[in-house]
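The structure appears right after this line, and notes come after that.
The values are calculated or read from the model by the stated rules, or taken from the named source; none is laboratory data. All figures in this text were calculated on a predicted structure; none of them were measured in a lab. Please note: Cβ atoms are built from the backbone with ideal geometry, for glycine as well, and neighbour counts cover all protein chains shown.
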Amino acid sequence: MAASSDDLIARFRDACATDERIVAAFVGGSRARGEADGYSDVDLCVVVPDASFDDVFADRATIAGRLGTPLFLEDWGADVPEVFVMLADGTDLELVFVRESRLTQIEVGPFRPLVDRRGLLDGLDVPIREPSREGLRDDLRRTLAWFWHDVGHFVTAAGRSQRWWAAGQIEALRGYCVNLVRIEQGLRSNGGEPYWKIDVETSTDALEELRSTFVGPDIEAMIDAASELVAFFGVHGRRAAEAHGIEYPEELERLLRRRLDDLLPTRRG
């Protein structure tokens, strides 16, 4: 994999060097940090003058095609567009396109220059910044509200014995709990991918309590799991709300706890 990635980076450098619209290019991520292993993707970035940006981004499939045969190529991101690529040789890429006017605003951490026609990368420092307290508060507000919203969905699904919907809601509730632990440890929540790199970004000790909530699509087992997730969320949610100076939704919790408790005699009586 290392030799293949070196070859790919060299092809990327040559492709950028021969494209006059591209003023700079670099490799970032684990390759630049010297931490890559056989499972690491390749993080590549091109810098383009604002006037040429739309034209270059429109050619993203052609640029990726100069690196290999793409089997997967999909856009992601808005402010700083990225393209996720999987090549036929097994290499995973993240190809980032940056407007020259926004170069100092990106957050990539260490990087290795490959092309630099104007010296734009000389002395450039674009560290990955710590999450702001305001950003964490916003994440926490959303997490506190939507967890209880989805408890309501679980109650509906379980009450109707719609076990696959209920199983999906258990996954969603556990995801909120994982994101809550992220926030407690000073990290932004990760939306629909709460487990993304969590083993290296946070301490997962607190999550050990959630092991027993991984259950199959059995209604009674899922009701027990939901009760455990609710208890976990209540403890950690109150603690996080106090730490960030926001109000915990006590009335909402009481309402949804009653609905969940009402399932027990219905299902087991």
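Here is how the numbers come out for the structure above:
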item	result
Any hit, segment 7-15, residues being of a type outside the set (Lys, Arg), in contact with a helix residue (DSSP H, G or I) (Cβ under 6 Å, 6 or more places away or on another chain) and either in the same structural domain as Glu107 (by TED's automatic domain parsing) or part of a strand (DSSP E or B) (or both)	no
Residue match in segment 209-217 (condition: acidic (Asp, Glu), modelled with pLDDT of 95 or more and surrounded by fewer than 19 Cβ atoms within 10 Å (Cβ to Cβ))	yes
Options Val85, Val80; residue that is of a type in the set (A, V, I, L, M), surrounded by 15 or more Cβ atoms within 10 Å (Cβ to Cβ) and modelled with pLDDT of 95 or more	Val85
Any pair with Cβ under 9 angstrom, 6 or more apart, that starts in segment 95-113 at a residue that is within 23 Å of Pro70 (Cβ to Cβ) and assigned by TED's automatic domain parsing to the domain that holds Pro81 and ends at one that is of a type in the set (Gly, Ala, Ser) and surrounded by fewer than 15 Cβ atoms within 10 Å (Cβ to Cβ)	Val96/Gly77
Residue within segment 153-171 that is more than 16 Å from the chain's Cα centre (by Cα), assigned by TED's automatic domain parsing to the domain that holds Gly216 and under 21 Å from Ala241 (Cβ atoms) present	no
Inter-residue pairs, beta-carbon under 8 Å, first not assigned by TED's automatic domain parsing to the domain that holds His149 and small (Gly, Ala, Ser) and in segment 242-269, second in a helix (DSSP H, G or I) and modelled with pLDDT of 95 or more, 6+ apart	none
Pair list, Cβ < 7 Å and 6+ apart or interchain, from segment 223-235 residues that are within 13 Å of Trp148 (Cβ to Cβ) and outside the structural domain of Ile183 (by TED's automatic domain parsing) to residues that are modelled with pLDDT of 95 or more and of a type in the set (Lys, Arg)	none
Exclusive hit being more than 16 Å from His153 (Cβ to Cβ) and not in a helix (DSSP H, G or I), set Glu247, Glu242	Glu247
Given (1) within 17 Å of Ala167 (Cα to Cα); (2) loosely packed, with under 12 Cβ neighbours inside 10 Å, index of the condition Ser203 fails	(1)
Cβ pairs under 7 Å, 6+ apart, first in segment 1-18 and farther than 12 Å from Leu114 by Cβ, second at pLDDT 95 or above and surrounded by 14 or more Cβ atoms within 10 Å (Cβ to Cβ)	Ser5/Val42
Residues of segment 1-45 that turn out to be exposed (fewer than 13 other Cβ atoms within 10 Å of the Cβ) and at positive phi, as a count	1
Thr69 farther than 23 Å from Leu124 by Cα and not aromatic (Phe, Trp, Tyr)	yes
